[in-house]
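None of the figures in this text is laboratory data; all of them are computed from the coordinates on show. From a predicted model like this one, the values you see are computed outputs, not experimental measurements. Here the Cβ positions follow ideal geometry from the backbone for every residue, glycine too, while neighbour counts run over all protein chains shown.
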Amino acid sequence: MFRKFFIIAVCLMAAVVTTNAQSNYAVVRGSVLDQQHHAVPGAHIQVREDATGAQREVVSNATGLYEIAGLQPGKYTLTVDGQGFAQTTQTIDLEVGQQATIDLGLRVSSDKQTVNVEGSGELLKTLHADLAKRHPSVGVTRAIGLFGIIELVRNRQTMEPMAPINGTSPEMAALGKFFRDEGLFTFVRWNSFFTNPPLCVTEEELREGIAIIDRALESTDKAVQM
């Protein structure tokens with residue numbers, strides 16, 4: 001009987017020691033997000049202990065989450081990078097048993113952004129030209145990179161604007177409302193509106209925005225004087 005109680009006591013002591021030892025370790029977890037606060041899956045997160053140089057590395061999951069457990073208290077450097085993103089670093093100071101939640105932000109790398117602006121800028125010019133062919137209310141289109149503007153007219157021969165300078169018109173007011181209702185937020189001014197997407201816009205997103213403009217111009221075409 002004594003032996004049985006002794007074995008149970010030893011097991012309980014071992015469990016307590018193990019639990020205490022585990023509680024001494026810190027855990028770092030969080031999300032990896034891009035500039036639009038979208039999850040970044042497959043990002044590489046490396047944590048390095050400053051005192052010893054010991055390193056651990058994990059990869060964010062399909063929803064951008066990561067977790068690094070079993071860390072000794074101390075100062076660490078977190079490094080995160082992903083395909084097409086610039087590497088970023090962050091220093092942290094972990095305490096005994098700390099459960100730290102640290103969200104890591106990634107920015108598009110300058111090389112990728114330059115290529116994206118140049119390529120998307122040429123695509124924007126092409127899409128502008130397509131709108132001009134399809135819609136007689138499009139008088140002038142201009143674009144430098146991803147900075148674009150479209151001017152609407154009632155008559156391409158006389159270039160009478162769809163709305164007067166410093167004023168508006170029912171057609172331009174309806175156009176702005178259509179944009180907002182469809183989730184396209186841009187600046188509608190006088191007889192023109194801007195096509196200035198963010199520099200990180202994808203081709204799919206750019207085409208989606210132009211498709212909304214394409215549908216909206218059907219209303220301004222009705223005001224054209226042939």
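Summarising the label geometry, the points placed 7 Å from Cα in the beta-carbon direction at R56 and Q99 lie 1.6 nm from one another. Fully extending the segment from A129 to S109, taken as 0.36 nm per residue of separation minus the present Cα-Cα distance, adds 4.2 nm.
If R0 is taken as 41 Å, the Cβ-Cβ distance between F185 and T79 corresponds to a FRET efficiency of 0.70.
Computed over neighbours whose Cβ is under 13 Å from that of H135, the net charge equals 0, Lys and Arg +1, Asp and Glu -1. In sequence order, segment 181-186 has phi-based couplings of 5, 8, x, 9, 10, 8 Hz under the Karplus curve 6.51 cos²θ - 1.76 cosθ + 1.60, θ = phi - 60°, and Gly or Pro positions carry x. For the chain, the relative contact order is 15 percent, taking Cα pairs closer than 8 Å that sit 6 or more residues apart in sequence and dividing their mean separation by the residue count. Counting only DSSP H runs of at least 4 residues, each contributing -39500 (n - 2.57), and dividing by the residue count of the chain, the helix-based mean residue ellipticity at 222 nm comes to -12000 deg cm²/dmol.
Here the chain yields Rg over Rh of 1.31, to two decimals, using C-alpha coordinates and the Kirkwood radius.
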